[in-house]
Amino acid sequence: MLVLSSIILALIFPNKVAPDQIVTFQKHAEILHVSTDLPKIGNCWRVPKGVDEMTIFVKANNTETVLFWLIPTGTQTWGQRELIGYDKDGSDGWTLTWKFGNRVLHDHIHVQALGDQTLSNSSINITTSFP
């Protein structure tokens, strides 16, 4: 397939690709969708009273590993992030079940899809519901 791509490029751009060159196209990691098993109200995923864990689902292409970070809301909080988990096997989908206990949350969950020399980022808002 790689050789066929090189031949096609050589035919289209005869002065740009030498016959002995192999041209590859890098597929970029791409996050398509992030969701949880919690209810969503507005732009926040809500942790109902009595719930102490959640599952985060990521749909991503061209990905080798997905990292899940908890980041406080506010400005310039990247340095306060906490790695809450990762998934290295996307054969069953990219997911993380996170047991956060009785933590009160008003944070962002930042998701990073790592591909072959590429990175894709997305985030969702998470907050604890109060009675």
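Here are some notes:
- Two-site FRET efficiency, Asp116 against Ile84, from Cβ-Cβ distance with R₀ of 35 Å, rounded to 0.05: 0.90
- Per residue value of the accessible surface for region 51-131 (all protein chains in place, 1.4 Å probe), Å²: 57 Å²
- For the pair His28 and Asp92, label points projected 7 Å from Cα toward Cβ lie 3.2 nm apart.
- Of Arg46, Arg103, the residue with the largest accessible area leads and the full order is Arg103, Arg46 (1.4 Å probe).
- Each peptide among 109-120, 48-59 gets the average number of other Cβ atoms lying within 10 Å of its residues, and from highest to lowest they stand as 109-120, 48-59.
The values are calculated or read from the model by the stated rules, or taken from the named source; none is laboratory data. Just so you know, these numbers come straight off a predicted model, no measurement behind them. Quick reminder, even Gly has a Cβ in these numbers, built from the backbone with ideal geometry, and neighbours come from all protein chains shown. Note: areas computed on protein heavy atoms with side chains; ligands, DNA, RNA excluded. Shrake-Rupley method; radii C 1.70, N 1.55, O 1.52, S 1.80 Å.
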